[in-house]
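First the structure, which I've put down as structure tokens, then a few questions once you've had a look.
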Amino acid sequence: MKKYQPTTPSRRQMSVVTYKDVLSTDTPHKALTKSRQRLVGRNNQGRITVRHKGGGHKRAFREIDFKLNKINIPAKVETIEYDPNRSGFIALVVYADGARAYILAPKSLPVGAKIIFSETAEVTPGNRLPLSKIPVGTFVYNVELKPQGGAKLVRSAGAFAEVLASDAGQTSLKMPSSEIRKVSEKAWASIGAVSNDEHRLANWGKAGRSRWKGIRPTVRGSAMNPVDHPYGGGEGRQGRGTRRPKTAWGKITGGTKTRRPKKYSNPSIVARRKKKGKK
């Protein structure tokens, strides 16, 4: 992490990841980039449907390969790059057949490393295997929910899941949230943990950096008028004034279960995630 001298009030707390120690280039592979209009929280009528989004620096969209279906074809890492659309770093790999693709880079994957997606691959960072072939205790990321469905789980910076057991065609994984869930042992996963684990330590230092990232301000409900929020109104500073915490639309939040009772993945969850503040 890089910390700045307090030359201004915003610099006093600011810290950033030292990208130059990890990244090998600052120019993306043009053939794998494209422009994309960001919806910034609006629907097809232009109305805000998700608050606190908008603006931000212009981005080029990198086409990341989450299918990872180049089986038994060795690949070599050409570059490690920054992607403004995700928290982890990405790696440009060239396969033995000449094809190039961006993949989500694991931690400690150097430029020039050889990787392969195969049922007989070694259990080393970057390689990809079916969960049935991965030993217990191994850290994995880019996990499929269904065989050949593409990587869906464990994709953010520093994240990893731990293989706990395999039985009856299912593999138990301990997720980053501490939830334990079962996934088909025929699903594939990549070995290692997602790169840029220092991402969570960065202090943006000022509101302007949030705006660069496309994040608009969040206003407290108690600072609004009664017409805008259940907490609004009152003379001077006031408490929320309601027995239970609520959203701006009056929906109760604290202590209320929000998961659908008949959600399709309920049978797959062995143990729920631990709540904050509870051991």
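Where a number appears in this text, it was derived from the coordinates with a stated rule and is not lab data. The structure displayed is predicted, hence computed values, not measured ones. Note that we place each Cβ from the backbone using ideal geometry, even for glycine, and neighbour counts take in every protein chain shown.
Expressed as a whole number of Å, what is the distance separating the alpha-carbon centroids of segment 1-77 and segment 205-279?
26
Let me ask you something else. Could you work out the relative contact order of segment 1-150, using alpha carbon pairs under 8 angstrom and six or more residues apart, expressed as a whole percent?
Rounded, it is 17 percent for segment 1-150.
Can you give the calculated 222 nm mean residue ellipticity of the chain, where each DSSP H run of n ≥ 4 adds -39,500 (n - 2.57) and the sum is split over every residue, rounded to the nearest 500 deg cm²/dmol?
Rounded to the nearest 500, the figure is -500 deg cm²/dmol.
Of the peptides 19-32, 185-198, 127-140, 37-50, how do they stack up when ordered by the mean number of other Cβ atoms within 10 Å, highest first?
185-198, 127-140, 19-32, 37-50
Another question, then. Among 266, 242, 73, whose Cα projects farthest towards the positive end of the dipole of the chain, with charges put on the beta-carbon of Lys, Arg (+1) and Asp, Glu (-1)?
Final value for the positive-end residue is 242.
Could you grab the relative contact order for segment 1-45? Cα pairs under 8 Å, six or more apart, rounded to a whole percent.
Reported relative contact order: 25 percent.
Students often forget the sequence filter, so: which lysines lie under 18 Å Cα-Cα from residue 3 once same-chain residues fewer than 8 apart are removed?
Of all the lysines, those that pass the test against residue 3 - Cα under 18 Å, at least 8 places apart if same chain - are 20, 206.
Taking R0 as 30 Å, what FRET efficiency do you get between residue 18 and residue 136 from their Cβ-Cβ distance, rounded to the nearest 0.05?
Using R0 = 30 Å, I get an efficiency of 0.30.
Work out, step by step, the length gained on full extension between residue 25 and residue 43: first 0.36 nm times the residue separation, then minus their alpha carbon distance; give nm to one decimal.
Between residue 25 and residue 43, full extension yields 2.9 nm more.
Just how large is the dipole of segment 1-157 about the Cα centre, in debye to the nearest 20, putting +1 at every Lys and Arg Cβ and -1 at every Asp and Glu Cβ?
Charge dipole, segment 1-157, about its Cα centre: 960 debye, nearest 20.
Still on this structure, please answer the following. Order 162-174, 258-270 from most to least packed using the mean count of other Cβ atoms within 10 Å.
162-174, 258-270
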